[in-house]
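Here is the structure we will look at.
The values are calculated or read from the model by the stated rules, or taken from the named source; none is laboratory data. The structure displayed is predicted, hence computed values, not measured ones. As a convention, Cβ positions derive from the backbone with ideal geometry for all residues, glycine included, and neighbour counts pool all protein chains shown. Side chains are part of the model used for accessible areas, which takes the heavy atoms of the whole protein and leaves out ligands, DNA and RNA. Shrake-Rupley method; radii C 1.70, N 1.55, O 1.52, S 1.80 Å.
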Amino acid sequence: MALQIIESCVNCYACEPLCPSKAIFMSSKAGHFRINPNKCTECEGDYQDTQCASICPIEGAILDANGIAVNPPGSLTGIPPERMAEVMAELQAH
Ligand code: SF4
Ligand code: SF4
């Protein structure tokens, strides 16, 4: 089982040094950090929480083995996704 970093990663470098399995690498091909699925242990045996997802500041950038965001929209900002959509719509209207 492995987590996955997707293209919304902003290359902040926060996760890479925390990985106990050295599974996180900068992919020049993808243009962002990625997780080697053969190395990721989901931190089992090392930590209670997945270290990469617990430090990542970008909601939705890290997916679990089922493709579901570990930090879904609103989980870090505290702003409900519906409210965020309203605000974005208001901003675009001006
Ligand atoms: S879940 Fe743990 S082992 Fe897997 S990439 Fe993230 S920090 Fe590394
Ligand atoms: S912490 Fe998140 S945004 Fe930062 S490099 Fe890792 S995956 Fe990308």
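Computed quantities for the displayed model
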quantity: Residue in the range 42-67 that is surrounded by the fewest Cβ atoms within 10 Å (Cβ to Cβ), counting only those that are outside any helix (DSSP H, G or I) and hydroxyl-bearing (Ser, Thr, Tyr); calculated: 47
quantity: Residue 63 being within 14 Å of the chain's Cα centre (by Cα), of a type outside the set (D, E, K, R) and near ligand 1 (Cβ under 9 Å from one of its atoms); calculated: no
quantity: Sole exception among (1) within 15 Å of residue 3 (Cα to Cα); (2) loosely packed, with under 11 Cβ neighbours inside 10 Å for residue 89, by number; calculated: (1)
quantity: Close pairs (9 angstrom Cβ cut-off, 6 or more residues apart or separate chains): within 29 Å of residue 55 (Cα to Cα) in the range 77-94, aromatic (Phe, Trp, Tyr) and surrounded by 11 or more Cβ atoms within 10 Å (Cβ to Cβ) anywhere; calculated: none
quantity: Close pairs from the range 1-13: first within 11 Å of residue 65 (Cα to Cα), partner of a type in the set (Phe, Trp, Tyr) and away from ligand 1 (no atom under 13 Å from the Cβ), Cβ under 6 Å, at least 6 apart; calculated: none
quantity: Flag if residue 47 is of a type outside the set (Gly, Ala, Ser) and near ligand 2 (Cβ under 9 Å from one of its atoms); calculated: no
quantity: Subset of the range 1-41 that is polar (S, T, N, Q) and part of a strand (DSSP E or B) - its residue that is farthest from ligand 1 (Cβ to nearest atom); calculated: 27
quantity: The lone exception for residue 70 - which of (1) open to solvent by 70 Å² or more (accessible area, probe 1.4 Å); (2) at pLDDT 95 or above; (3) touching an Asp or Glu at 6+ places or on another chain (Cβ under 6 Å) it fails; calculated: (1)
quantity: Close pairs (6 angstrom Cβ cut-off, 6 or more residues apart or separate chains): open to solvent by less than 20 Å² (accessible area, probe 1.4 Å) in the range 16-41, within 13 Å of ligand 1 (Cβ to nearest atom) and aromatic (Phe, Trp, Tyr) anywhere; calculated: 24/33
